[in-house]
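The values are calculated or read from the model by the stated rules, or taken from the named source; none is laboratory data. Computed from a prediction, not measured in an experiment: that's the story for all the values here. Heads up, the Cβs are rebuilt from the backbone with ideal geometry, glycines too, and the neighbour counts pull from every protein chain shown.
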Amino acid sequence: MSSGLIEIPVVRSVSRRWTLPTWDAGLFICAAIAWSAAIFILVLLGLVIWMSFIPGLPGDPGLTLDNYADVLFHNTVFIALGNSLVVGIGTVVINILFAVPIAWLVERTDLPGKTLIITLIALSILIPGFLKAMGWILLLSPQIGMANVFLIDLFGLKTAPFNIYGLGGVILIQGLTFTPAMFFLISGSMRSVDPTLEEAASMAGASRLKTIVRITAPLLWPAILAALIYNFVSAMSLYEIAALLLGNRTPVLSTELFLNVRSAGGTINLAAAAVYGVFMMAIAIGALWVYARVTRRAERYAVVSGKSYRPSLVKLGQWRWLAFGFIAFFLLLDEFLPLLTLLWMSLLPSLEMPSVAAFQHAGFGRYRDAWNLLGGWGVFGNTVALLVISSVSVVIVSLAISIITMRSRLPGRRALDAIAMLPHAVPGIAFAFALLVFGILLNRFVGLPLYGSLSIIFLGVLVERIPFCTRITNAALLQLHKEIDEAAGICGATRLQTIFRIIVPLIAPSLAYSATWIALLALREVTIPLLLSGPENVVVSVRIWTLWATGQYGAAAAAAIGVSMFVLVAILMPSIRFGVRAWRGIGT
């Protein structure tokens, strides 16, 4: 029986999620750029291993184990290995003593002036380690150190009380130099620890120290361990500070590798250098394996759960002045003492103790000659070209890698991301050596004079900075939902148009931040340019190093301070202030 109502059939529309095509021109271009960079990284790593088995020059036929036998037959390798381990361990011990307390004070207490503190710590990262070493030499050298001269005159001592030369000096300077990196690596995790866990421990009768040792520290262990491994590997592979303070007297792995490539006597032994490179790579990979084993159960270290989470700050009260003093002590040792010493040296015709008479001799004559001291337009042009090309290229390559790994379903994307992180784990001096071998092979078999050109230094900076930039571009792309790509595709945009007209404008601040920091890090880099330098590709950092190595201490100090002040005023301070504000705004 009909009810008299007209039944209208309902058509249920099934919503289908629009998906991007699996392959198009834009994706092809990104994949080509990304995999070209990944293959190049693998080739460089393979060259180091391959070169360690070659009996002669790169490209000679045959393989041999004699290179390993020759290196292992001499005690130098074992002494260098032991010294490198001592330097690495000593460096991270100093890092723990300074970075962990400072990170806790900045992130977990009501300490005022946090923006200024973070700005000064960020500034320290961009001061080259070899400049700090130069300042400490002028302070604590047994022969010319101003602090030693002052103490000898004051107390009538017969010998200098301090000697910056030796493993202790390397550990001190590298420990101070790498502390800011560890501070930023652990600060995020320090901020994320749920305070209810600490409050529960306090209610159970645990003291503040016991709560930190039994509750906070275990939760932060993965972040601290990752920072320690990163700094340990970096400390073992850093060349310039060890070269300034150890010379040929106390070998470490990095100096032995360098000396086998760029010996002062003109003799080179690329095979021995490759063996040292393999040892350094093995140590780095072993350290990463330890980290993977320790953190294989990540859920044990979760600090933020699905429950309500509210960060809280510890009130320092009368202890805030002690906290200020501790941070000021670190900044004094890490930045102000060495830089002020270099500044004082740059103002005088010869090194003198501060006095009324010395101030009468002070002047800016060295700064007027700084342009010629740095090599004029040739060195300046090389440096500017390196900074611009490397920063732009690293951003392009990293963005391509991130698009493949984060915005596509192509097979091998996880392997691509892992390869992109390899330069973060392998010592930079090993990649520099591999590029040297690569340049020799190109010249020998293709006739392409890559070695001695600016391009080979650019490739070294590119490879070394890809891990840093891909982490930023990955994080930036994670903030963009894939529906943005889908909406653009529905409107008829190709993937290439989506990248350039939507994705790039949306993440432009992250890209600009990455490019600025890469340029500044390239400016402070000395190991790669020094190992790969020739008459035609000298950059500012190598020129400053050369001035110091030839005994022109005042000229080197003036050039270093002049370049540092230019970078600080023209580029760095606006970038750091913007970055610090963004850093402090996270989670607030």
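Output the residues belonging to the range 484-500 that are aliphatic (A, V, I, L, M), in a helix (DSSP H, G or I) and crowded, with 17+ Cβ neighbours inside 10 Å.
Residues satisfying the conditions are Ala488, Ile499.
Looking at Pro338, is it of a type outside the set (A, V, I, L, M) and not in a helix (DSSP H, G or I)?
Answer is no for this residue.
Sort through Leu245, Leu209 and tell me the only one that's modelled with pLDDT under 75, farther than 23 Å from Leu120 by Cβ and either assigned by TED's automatic domain parsing to the domain that holds Val87 or surrounded by fewer than 16 Cβ atoms within 10 Å (Cβ to Cβ) (or both).
Only one candidate passes the filter, namely Leu209.
What number goes with the only condition from (1) of a type outside the set (Ser, Thr, Tyr); (2) buried (at least 21 other Cβ atoms within 10 Å of the Cβ); (3) more than 30 Å from Gly551 (Cα to Cα) that Leu97 does not pass?
Among (1) of a type outside the set (Ser, Thr, Tyr); (2) buried (at least 21 other Cβ atoms within 10 Å of the Cβ); (3) more than 30 Å from Gly551 (Cα to Cα), Leu97 violates only (2).
Just to be sure before I move on: is Leu531 modelled with pLDDT under 85, touching a Lys or Arg at 6+ places or on another chain (Cβ under 7 Å) and not basic (Lys, Arg) in the structure I sent?
The answer is no for Leu531.
Among the numbered criteria (1) farther than 24 Å from Pro251 by Cα; (2) among the small types (Gly, Ala, Ser); (3) free of Cβ contacts under 8 Å to residues at least 60 places away in the same chain, which single criterion is violated by Ala122?
Of (1) farther than 24 Å from Pro251 by Cα; (2) among the small types (Gly, Ala, Ser); (3) free of Cβ contacts under 8 Å to residues at least 60 places away in the same chain, only one is false for Ala122: (3).
Restricting attention to the range 460-475, which residues are free of Cβ contacts under 8 Å to residues at least 40 places away in the same chain and surrounded by 14 or more Cβ atoms within 10 Å (Cβ to Cβ)?
Once the filter is applied, which keeps residues that are free of Cβ contacts under 8 Å to residues at least 40 places away in the same chain and surrounded by 14 or more Cβ atoms within 10 Å (Cβ to Cβ), the range 460-475 yields only Arg471.
I need the full set of residues from the range 392-424 which are in a helix (DSSP H, G or I) and either in contact with a His (Cβ under 6 Å, 6 or more places away or on another chain) or of a type in the set (D, E, K, R) (or both), in order please.
Within the range 392-424, Arg407, Arg413, Arg414, Asp417 meet the criteria.
What number of residues within the range 445-454 are surrounded by fewer than 16 Cβ atoms within 10 Å (Cβ to Cβ) and outside any loop (DSSP other than H, G, I, E, B)?
Residues that pass the stated criteria total 1.
Restricting the first residue to the range 16-41 and requiring it to be closer than 13 Å to Ser408 by Cα, which pairs with a second residue that is of a type in the set (Asp, Glu) and modelled with pLDDT under 90 meet a Cβ separation below 6 Å and a spacing of at least six or different chains?
Once the first residue is closer than 13 Å to Ser408 by Cα and sits in the range 16-41, its partners that are of a type in the set (Asp, Glu) and modelled with pLDDT under 90 give Leu20/Asp485.
Quickly run through the range 420-444 and pick out the residues that are β-branched (Val, Ile, Thr) and surrounded by 22 or more Cβ atoms within 10 Å (Cβ to Cβ).
Val426, Ile429, Val437
If we keep just the residues of the range 488-505 that are of a type in the set (S, T, N, Q) and modelled with pLDDT under 80, which is farthest from Ile396 (Cα to Cα)?
Result: Thr494.
Just checking, does the range 542-559 include any residue being on the phi > 0 side of the Ramachandran plot and in a loop (DSSP other than H, G, I, E, B)?
Yes - at least one qualifying residue is present in the range 542-559.
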